[in-house]
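Take a look at the structure set out below.
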Amino acid sequence: MTEILNVLFWVVIWFTVFQIVTRIYWRIHRFPLPPILGYMLDGAFRKSLQWPKTVGKRCGIKAGMKVLEVGCGSGAFTTEFARLTGPEGVLFVVDIQEGMLIQLRKKLKKSEYSDISNMGIIAYSPENWPTSSVAAFWGRLYP
Ligand SMILES: C[S@@+](CC[C@H](N)C(=O)[O-])C[C@H]1O[C@@H](n2cnc3c(N)ncnc32)[C@H](O)[C@@H]1O
């Protein structure tokens with residue numbers, strides 16, 4: 001028991017130190033989350049804490065809307081957002097890192113997402129952004 005508590009103690013300490021150091025560093029040198037961590041973002045553990053469908057609903061996404069998700073990353077929320085917009089709506093996603101969009105495209109090829117046909121994926125370029133109303137916003141942006 002003491003062993004477990006000891007391990008837990010150090011995990012918490014290292015996690016806290018990591019969070020503090022990276023946040024201070026991020027304030028000085030802003031950088032987007034590297035694509036290598038995209039797989040972690042889209043993991044089951046995170047989704048058990050942050051429910052994509054609920055987040056989408058709380059953002060106000062409804063069937064038929066045109067939605068722009070800025071900073072979609074590897075698509076942890078994207079597929080549920082797309083489902084909420086439904087076949088009448090459209091979800092545009094944008095990310096400055098091609099590495100993240102590659103992971104998202106790979107994810108969308110899986111059979112469990114074959115129902116998502118209404119999705120437009122646009123690479124970052126301000127002039128390409130849809131000008132119609134933006135209904136949802138999710139992400140931490142660089143710079
Ligand atoms: C912390 S990740 C979160 C990804 C996703 N929204 C999620 O919750 O899993 C932030 C993402 O926003 C992207 N990003 C940062 N600044 C951006 C910008 N100015 N325009 C578009 N995407 C941006 C990064 O490349 C990164 O993939």
Exercise. What's the exposure ranking of Phe92, Phe18, going from fewest to most Cβ atoms within 10 Å?
Worked result: Phe18, Phe92
Seminar exercise, completed: Taking Met100, Met40, Met1, Met65 and counting other beta carbon atoms within 10 angstrom, the fewest-first order is Met1, Met40, Met65, Met100
Seminar exercise, completed: Expressed in angstrom and rounded, the centroid-to-centroid distance over alpha carbons for segment 20-42 and segment 1-18 is 22 Å
Seminar exercise, completed: Per-residue Cβ contact counts at 10 Å, fewest first, order Lys107, Lys53 as Lys53, Lys107
Seminar exercise, completed: Under 5 Å from the placed amide H of Leu91, counting only residues 5+ away or on other chains, we find Val67, Gly120
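Values in this text are rule-based calculations from the coordinates and carry no lab data. Quick caveat: nothing in here was measured; it's all calculated off a predicted structure. Methodologically, a virtual Cβ is constructed for each residue, glycine included, from the backbone with ideal geometry; neighbour enumeration extends over all protein chains shown.
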